[in-house]
Amino acid sequence: MKFFPGIKVTMGSWSYYTIKIKFADLDDTLSFAKSLGSPSALDAVMQRNLNATKASIMMRKFLANQNERFYSAITIANLGSENPDNWLPLSLDTIEEKIEEAGSDSGALGYFKISEDDKFYILDGQHRVASIISIINPNSLFLEFGDADSLEKKLKDIENKAPLPADFDMEAFKNEQLTVLVLNKTNEDDEIESRISYRRLFSNLNRYAKPTSTTTNIIISEDDSFYILTRRLVENFTPFSLENESFAFDNPNIDIDKTNFSGGEQQFTTMQSLASMNETLLKINKFPELQTAKNDDEVRTLRQDDDDLNMWYDELEKRWTVILNVFSELTGDRTSMRSHNASIDEDGRSDHPFLWPKPQTDCIIPVIKKIFDRADSPDEYEELLKEFMDLDIWDMRKTPWFRLILIPTTDDPDGEKKIRQDDQTTMYKIATELLEYLIGISPKDDEELLDFKSRVLPELKGNDAEKEEWWDEFLSLKP
């Protein structure tokens, strides 16, 4: 039997407790999903099963190597106590006169009792708890790596991939604490009804809780390498910096808040689009750990070594320096360079595809990345990229963009135009292939070109004559 200090809280039909538990007490105090046995019906399934590998390697590395480690509170539910009222309130009589209106919340402070007869199941936070246990006791039954041979193999794998630092203080780690929200049964006589209550609670939490936006994640993440590098680029790379502004959201080069543009903006791109472009530019053979990175990989979930981050940043800044040296027009006044509906011959107005977020992220930067891939050394980046810039393709109102990405809203080709919203994945894949053909990345013989034409023309907006004219114009762009 153990006692944990905490606070009693009441909301709606729930009375719950906020307590603190030492890391050392987690292993023999809480139960994971698999400890409950196989559910006989969907109603019995209350949380996904534990991925012990994720907890014991990826999350363990974070805990063992980050002094700034922090986990949010976990939530546990009482499924097996004979006495769900495990709260032992403290009396405030002796200090009541020193606390204003203390009597109005008497019994809120106390100790929560957990005995060997209790069964507290982890509703939210299985992986956080498992990662802690993987450091204190990798042999724990909670991690369940199989028979003796499988366990030995797994323990060696953990030690190889996530070794503890030589100076790691195990005793101090065991004494660190986790905040735990404790829910007691709402119906102690009916286990099914109790499970329904827990499921409804968890469903409501997930349904009504608003997740943080991608932009917020870019701004605050200290683990995702691409987000860290994006912030560093905005902070240190002059063409993306605040310049003379003091407020981040007034950045004249990168729009921190928007996800798209409507025309007339001064900024080069949005924060989200910049992060996406950075990811594309860094997924190269030189950095295999970045090249294959997925959302749940270590480079996105665990802060990497500063040496690696510095190396990746140097390459990223070098690539953006070349891009903006070649496309130097993108570093000046951009307010009149997103003009879908301006006349082609109107002085001072243009419609540059490299200033629209979707063409940037889904077409132009992927092609630039492939151009850089063809270089034998970074010294060749600028020369190769200039060949791309010299193509007569940098106006959305002209071929190859017009009728494919920028489309007329009426039968009048000189009428209002807009960026199409339907089937964007297909459209930008075609646009990318068009640019790759023009720059020579994807050469095509006569038969392949005819097949390509048969795929492209049906996607264009316009009549058959307009589509044929578009195709002839496209072929004329080839150097």
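The values are calculated or read from the model by the stated rules, or taken from the named source; none is laboratory data. As the structure is a computational prediction, the values presented were derived from the model and not from experiment. Here the Cβ is made from the backbone with ideal geometry for all residues, glycine too, and neighbour counts use every protein chain on show. These area figures cover heavy atoms from the full protein model, side chains too; ligands, DNA and RNA do not enter into them. Shrake-Rupley method; radii C 1.70, N 1.55, O 1.52, S 1.80 Å.
What to note about this one:
- Residue check, Ile430 within 33 Å of the chain's Cα centre (by Cα), hydrophobic (A, V, I, L, M, F, W, C), at pLDDT 95 or above and surrounded by fewer than 17 Cβ atoms within 10 Å (Cβ to Cβ): no
- If you check Ser91, Ser40 for being in a loop (DSSP other than H, G, I, E, B), modelled with pLDDT under 55 and open to solvent by 40 Å² or more (accessible area, probe 1.4 Å), only one passes: Ser40.
- Qualifying positions in the range 254-266 - within 19 Å of the chain's Cα centre (by Cα), surrounded by 16 or more Cβ atoms within 10 Å (Cβ to Cβ) and in contact (Cβ under 8 Å) with a residue 24 or more places away in the chain: Ile256
- Inter-residue pairs, beta-carbon under 6 Å, first more than 19 Å from Phe240 (Cα to Cα) and of a type in the set (Lys, Arg) and in the range 301-326, second at pLDDT 95 or above and open to solvent by 70 Å² or more (accessible area, probe 1.4 Å), 6+ apart: none
- Which numbered condition Lys34 misses (of (1) touching an Asp or Glu at 6+ places or on another chain (Cβ under 9 Å); (2) open to solvent by 50 Å² or more (accessible area, probe 1.4 Å); (3) modelled with pLDDT under 70; (4) assigned to a loop (DSSP other than H, G, I, E, B)): (4)
- Residue tally, condition open to solvent by 70 Å² or more (accessible area, probe 1.4 Å), of a type in the set (S, T, N, Q) and not in a helix (DSSP H, G or I), over the range 301-354: 1
- Residue under evaluation Pro357, criteria (1) closer than 21 Å to Leu477 by Cβ; (2) of a type outside the set (A, V, I, L, M, F, W, C); (3) open to solvent by less than 10 Å² (accessible area, probe 1.4 Å), criterion not met: (1)
- Residue within the range 388-411 that is in a helix (DSSP H, G or I) and aliphatic (A, V, I, L, M) present: yes
- Scanning the range 231-270 for residues that are more than 22 Å from Ala342 (Cβ to Cβ), out of contact with any helix residue (DSSP H, G or I) (no Cβ under 9 Å at 6 or more places or on another chain) and assigned to a loop (DSSP other than H, G, I, E, B) turns up Glu243, Asn244, Glu245, Ser246, Phe247, Pro252.
- The set of residues from the range 143-154 being touching a residue at least 12 places away in the same chain (Cβ under 8 Å) and open to solvent by 50 Å² or more (accessible area, probe 1.4 Å) comprises just one member, Glu144.
- Residues in the range 363-380 that are in contact (Cβ under 8 Å) with a residue 12 or more places away in the chain and open to solvent by 20 Å² or more (accessible area, probe 1.4 Å) were compared, and the one that is nearest to Ile430 (Cα to Cα) is Pro366.
- Flag for Leu79 being touching a Phe, Trp or Tyr at 6+ places or on another chain (Cβ under 8 Å) and either more than 14 Å from Arg128 (Cα to Cα) or modelled with pLDDT under 85 (or both): yes
- Selection from the range 412-426 of residues that are in a loop (DSSP other than H, G, I, E, B) and surrounded by fewer than 13 Cβ atoms within 10 Å (Cβ to Cβ): Asp412, Asp414, Gly415, Glu416, Gln421, Asp422, Asp423
- For the residues Asn278, Asn236, Asn244, Asn251, the requirement of being open to solvent by less than 10 Å² (accessible area, probe 1.4 Å) and either more than 23 Å from the chain's Cα centre (by Cα) or at pLDDT below 95 (or both) singles out Asn251.
- Residues being of a type outside the set (Phe, Trp, Tyr) and in a loop (DSSP other than H, G, I, E, B) - total across the range 282-300: 10
- In the condition set (1) closer than 30 Å to Pro408 by Cβ; (2) free of Cβ contacts under 8 Å to residues at least 40 places away in the same chain; (3) hydroxyl-bearing (Ser, Thr, Tyr), Ser273 is compliant with all but (2).
- Looking only at the range 139-182, and only at residues there that are outside any helix (DSSP H, G or I) and aromatic (Phe, Trp, Tyr), the one that is modelled with the lowest pLDDT: Phe145
- Among the residues of the range 427-479, the ones that are outside any helix (DSSP H, G or I) and not acidic (Asp, Glu) come to 12 in all.
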